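Written out below as structure tokens is the structure these notes cover.
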Amino acid sequence: MNKKYDRVIVAAIAVFLGLIAGAVIILILKRNPISAYYSLLRGCGLAPKVKYAGGKNMLSDFSSFLDYMTPMLFAALAVVVAFKTGLFNIGVSGQMLVGSFLATILIGYSNIPSVLAKPLVIIIAAAGGGLIGGLIGYLKYRFNINEVVSSIMLNYTASYIIGFLINTRYVDPVSRQSRDIGANARLTLHQISIGSYKYDIPLGFILALVAIVAVKILLDKTVLGFEIKCVGANREAARYSGIKVGSSMVISMLISGVLSGIAGAVCYLGYISTIQPKVLSPTGFDAIAVCLVGGSSPVGILFSTFFLMIISKGSTYMSSQMGLEAEIASVITGLILLTSACSAFILERIKMIRRKRGAGE
Amino acid sequence: MDSEYIVEMRNITKRFPGIVANSDVTIRIKKGEIYALLGENGAGKSTLMSILFGMYEPDEGEILIRGKREKINSPSRATELNIGMVHQHFKLVSNYTITENIIMGQEPRGRFLGFLPCIDIKRADREIADLSRKYNLEVTPTDIISDINVSTRQRVEILKMLYRDAEILIFDEPTAVLTPQEIDALLDIISGLRDSGKTIILISHKLDEIKRIADRCAILRRGRLIAVLDVKSTDTKEMANLMVGREVSFRTEKKETGFGETVLEIDKLTIHNSDEFPVVRNVSFKIREGEILAIAGVSGNGQVEIAHAIAGLMKVHSGDIRLYGKSIRNMSIRERTEAGIAYIPEDRQEMGLVLDFNLKDNLALKRYYRDSFARKGIRNNTYLDECGRSIIDKYDVRCAASTETIVRSMSGGNQQKAIIGREIELGGVLTIFVQPTRGLDIGAIERVHKQIIEERDKGKAVLLISLELDEVMNLADTIAVIYSGEIDRIAPAKELTTREVGEYMMGVGVHDKAGEVV
């Protein structure tokens with residue numbers, strides 16, 4: 001009967017079915033699915049590799065993995081918050097770009113000492129993302145413009161304007177990307193030597209955990225969170241109870257945009273240190289899938305991000321070890337999404353089995 | 001020999017969770033007659049016809065069409081049996097032409113360039129034009145639905161049935177959306193259809209229409225068949241009495257009280273709906289402390305809009321709403337709650353409750369932001385729980401997991417108890433009840449009636465909007481009768497008889513307003 005418990009079981013079943021389906025494909029390619037899946041874990045520092053390159057060990061692989069998944073945590077959290085108000089923030093990528101671009105040009109190329117620069121990067125990126133997210137919410141509230149349409153359009157607008165600015169002002173002539181930001185502003189401590197090993201330490205990961213707890217508290221404990229959820233659950237009842245539906249939507253999109261902006265910072269000023277012009281990060285779109293698998297709950301996305309990022313990050317190692325294409329990882333992820341999308345069906349099946357058992361007794 | 005009856009529905013019983021919609025109903029319809037189904041809202045007319053049209057299957061009973069037993073398990077099966085239905089809400093694709101809407105699913109095929117299969121739209125246009133001439137249903141087949149008015153759309157729906165060779169035509173409250181002139185035209189059309197050999201079943205609660213065109217009339221009340229009458233030899237008053245069914249009335253104890261100060265004053269209120277149509281016109285009334293004012297009327301005559309406007313959910317077009325002499329016209333919904341307006345809405349599940357939230361949150365839906373419920377924006381779970389528990393106990397809300405029960409899992413009656421409890425506990429000065437007992441069982445109805453009286457005895461002003469005439473007569477101190485957005489009669493309850501109120505509700509009162517409506 002416990003609803004929360006059900007949701008976890010359903011998610012687990014969905015993921016399991018997806019993995020089985022993936023295993024079938026790997027079998028068809030005449031490889032051992034168990035060792036393929038194991039190599040995914042090895043690629044993320046969750047299982048020991050046979051041998052390591054110089055300066056690498058399992059822990060350094062793991063810290064790189066955390067670095068890799070940090071942007072997704074924020075992006076998925078952004079989708080969750082909007083989703084609770086019944087809005088679909090498909091513009092996470094654009095918000096990431098705007099936030100991180102502002103942080104790059106204002107702080108990334110400056111000589112501000114790092115204790116000041118790093119917090120400023122986060123604040124500026126959050127403000128930039130929040131601005132765009134809030135704008136989408138405002139357009140919805142004031143002119144009833146569908147948020148999906150406005151956020152897709154703003155994605156392109158942001159991408160092209162920023163692409164233009166990078167190409168004309170901030171471009172690195174060799175890489176054709178924006179110039180690298182300084183280490184003072186970077187949110188990942190890149191290739192730090194401890195002993196004889198080198199680590200990438202993602203400062204943003206800790207912030208992501210804080211953000212997850214904060215969003216959980218916001219949604220579960222605060223008046224604002226109650227209003228946001230109420231608008232999402234039944235807009236008519238929310239209006240009847242006196243909640244200002246429009247401003248709740250603007251606030252929730254603003255928060256979503258802030259989280260997207262930070263996702264941008266930990267991606268473009270953390271995991272990597274440049275912005276490629278006219279390319280939208282796939283993280284913003286994958287975040288919708290991660291949110292779905294995580295049951296659109298803040299804690300749920302911690303697990304779904306962790307899990308799906310293993311597949312994505314570990315694919316390089318799997319492909320080199322197993323001779324499987326790295327794209328197989330995307331196929332597996334796709335299959336898991338497909339089975340997760342059937343979660344309502346799985347839940348019904350569980351209930352039916354229970355009913356039958358109940359009737360049999 | 002063929003049976004005398006084209007449609008026979010024998011001993012039909014249909015149950016929905018918590019309610020019996022039809023109980024052992026038997027009707028027999030002759031070929032070529034207009035058979036009316038009369039009854040109040042929720043009497044089971046639409047359910048019965050939905051069964052005939054294959055949208056529901058009956059729990060018990062059987063259906064005979066042309067003397068043959070049939071199992072009608074889908075609307076397409078009903079169409080095969082030449083049964084057609086015009087629903088209250090039209091089912092048309094608004095950016096398609098009239099022809100396209102009519103032929104949808106049964107398109108005449110042609111060959112483009114002699115070999116490519118395509119729809120022969122020209123032939124279809126011609127067929128529709130012929131059909132519309134034959135039955136006097138003027139339409140231009142090439143018009144787009146969104147460009148034509150409501151009565152033309154209805155004609156399209158009728159043509160849709162005729163195009164499918166329907167012999168038995170069901171009309172579900174066809175005049176509810178029409179103006180008086182359009183009603184006249186429609187009734188002529190329906191008579192014409194009968195004269196050309198069709199059998200008509202007309203669902204209605206408008207007596208004058210039934211009197212004008214129907215041959216026989218079955219009266220349903222609370223899911224049961226009360227009588228089948230020959231319309232010619234029965235007068236409308238007798239029909240009204242049977243439909244409302246006074247003998248089931250149960251008196252609620254009510255002691256006399258004096259009225260206090262004026263609490264609510266509605267002054268020349270006009271409300272437009274989203275189509276800019278004035279659904280409430282120039283309505284004025286007052287409610288004093290300790291007074292129950294009931295607005296009686298047939299569904300859809302503007303009473304819900306009045307309640308919405310007072311609660312702030314609908315915009316006022318002109319006129320004013322005053323609470324203790326102070327205009328609340330421009331106040332937000334929450335400011336009005338704070339000013340002391342409690343509102344029990346008609347639509348419990350879509351408006352009154354958030355079904356996926358637990359009971360605790362729903363019971364605090366109007367107060368969750370207040371100081372004791374939240375400190376500095378953080379919700380006080382303990383207090384929410386305490387407060388929820390006290391309402392559950394006081395109002396006897398039955399729920400599986402106390403304050404943690406998800407409201408969706410509760411029965412309709414208990415959902416209503418929760419809403420009433422929540423609103424009364426707001427401790428306001430004005431309580432608005434809209435259809436408070438719809439769908440409830442007798443015991444629950446009595447309880448709600450007592451609560452309404454208690455509110456009045458506490459010195460609050462009560463606005464009761466109900467479609468149940470019994471309820472209005474039993475509870476009200478003052479009765480206002482609304483018909484097509486206007487208050488036709490307002491008087492102390494003592495001065496009005498049920499019959500009089502019923503007549504005003506049907507618009508067959510002292511004056512005929514057909515001429516003055518635009």
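Every read-out reported here was derived from the displayed coordinates using simple, explicitly stated rules and does not represent laboratory data. These numbers were taken from a predicted model, which means no experiment stands behind them. Cβ coordinates were reconstructed from backbone atoms using ideal geometry, including for glycine residues, and neighbour counts include every protein chain displayed.
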Flag if A:L97 is buried (at least 24 other Cβ atoms within 10 Å of the Cβ) and part of a helix (DSSP H, G or I):
yes
For B:A21: the one exception among (1) part of a loop (DSSP other than H, G, I, E, B); (2) buried (at least 16 other Cβ atoms within 10 Å of the Cβ); (3) out of contact with any Phe, Trp or Tyr (no Cβ under 8 Å at 6 or more places or on another chain):
(1)
If you take just the helices (runs of 4 or more DSSP H) that sit entirely in segment A:274-361, which of them hold at least 2 residues that are farther than 30 Å from A:F101 by Cβ?
A:298-322, A:327-341, A:343-360
Among the residues of segment B:143-157, is any within 23 Å of B:S50 (Cα to Cα) and touching a strand residue (DSSP E or B) at 6+ places or on another chain (Cβ under 6 Å)?
yes
The lone exception for B:M331 - which of (1) within 14 Å of another protein chain (Cβ to nearest Cβ); (2) farther than 22 Å from B:D267 by Cα; (3) under 30 Å from the mean Cα position of the chain (by Cα); (4) not in a helix (DSSP H, G or I) it fails
(2)
Where the second residue is surrounded by 24 or more Cβ atoms within 10 Å (Cβ to Cβ) and small (G, A, S) and the first is facing chain A (nearest Cβ under 9 Å) and lies in segment B:346-363, which pairs have Cβ atoms under 6 Å and are six or more apart or on separate chains?
B:M351/A:A237; B:V354/A:A237
Condition check: outside any loop (DSSP other than H, G, I, E, B) and either in contact with a Gly (Cβ under 7 Å, 6 or more places away or on another chain) or on the phi > 0 side of the Ramachandran plot (or both). Does B:L131 satisfy that?
no
Matching option when the condition is assigned to a strand (DSSP E or B), under 19 Å from B:E289 (Cα atoms) and within 25 Å of the chain's Cα centre (by Cα), among B:I479, B:I452, B:I487:
B:I479
Within segment B:303-326, is even one residue of a type in the set (S, T, Y), assigned to a strand (DSSP E or B) and at the interface with chain A (Cβ under 8 Å from one of its Cβ atoms)?
no
Looking at segment A:31-49, is at least one residue within 24 Å of A:V210 (Cα to Cα), touching an Asp or Glu at 6+ places or on another chain (Cβ under 7 Å) and of a type in the set (A, V, I, L, M, F, W, C)?
yes
Could you list all residues from segment B:365-387 that are within 14 Å of chain A (Cβ to nearest Cβ) and under 15 Å from B:L426 (Cα atoms)?
B:L365, B:K366, B:R367, B:Y368, B:Y369, B:R370, B:D371, B:S372, B:F373, B:L384
Return the residue satisfying two criteria in turn: it lies in segment A:329-351 and is in contact (Cβ under 8 Å) with a residue 24 or more places away in the chain and farther than 19 Å from A:V290 by Cβ, and of such residues it is farthest from the chain's Cα centre (by Cα).
A:I350
Tell me yes or no: at least one residue of segment A:166-187 is of a type outside the set (S, T, Y), on the phi > 0 side of the Ramachandran plot and within 14 Å of chain B (Cβ to nearest Cβ).
no
Report every pair of residues separated by at least 6 positions or lying on different chains whose Cβ atoms are under 6 Å apart, first residue within segment B:288-300 and among the polar types (S, T, N, Q), second crowded, with 20+ Cβ neighbours inside 10 Å.
B:S299/B:L467
Looking at segment A:225-250, which of the residues that are part of a helix (DSSP H, G or I) and at the interface with chain B (Cβ under 7 Å from one of its Cβ atoms) is farthest from A:S296 (Cα to Cα)?
A:Y240
Is it the case that segment A:265-288 has a residue that's within 14 Å of chain B (Cβ to nearest Cβ), over 30 Å from A:V15 (Cα atoms) and touching a helix residue (DSSP H, G or I) at 6+ places or on another chain (Cβ under 6 Å)?
no
Kindly check whether there is at least one residue in segment A:29-36 that is surrounded by 16 or more Cβ atoms within 10 Å (Cβ to Cβ) and under 25 Å from the mean Cα position of the chain (by Cα).
yes
How many residues, within segment A:250-285, are in contact (Cβ under 8 Å) with a residue 60 or more places away in the chain, more than 21 Å from A:A82 (Cα to Cα) and among the hydrophobic types (A, V, I, L, M, F, W, C)?
3
Does A:G257 satisfy being in contact with a Cys (Cβ under 6 Å, 6 or more places away or on another chain), surrounded by 22 or more Cβ atoms within 10 Å (Cβ to Cβ) and assigned to a helix (DSSP H, G or I)?
no
Working only within segment B:334-345, note down all residues that are away from chain A (no Cβ under 13 Å) and in a helix (DSSP H, G or I).
none
Filter segment B:397-410 for residues that are touching a residue at least 40 places away in the same chain (Cβ under 8 Å) and within 24 Å of B:E455 (Cβ to Cβ); which is farthest from the chain's Cα centre (by Cα)?
B:C399
Pick from segment A:201-224 the residues that are assigned to a helix (DSSP H, G or I) and facing chain B (nearest Cβ under 8 Å): which of them is surrounded by the most Cβ atoms within 10 Å (Cβ to Cβ)?
A:L224
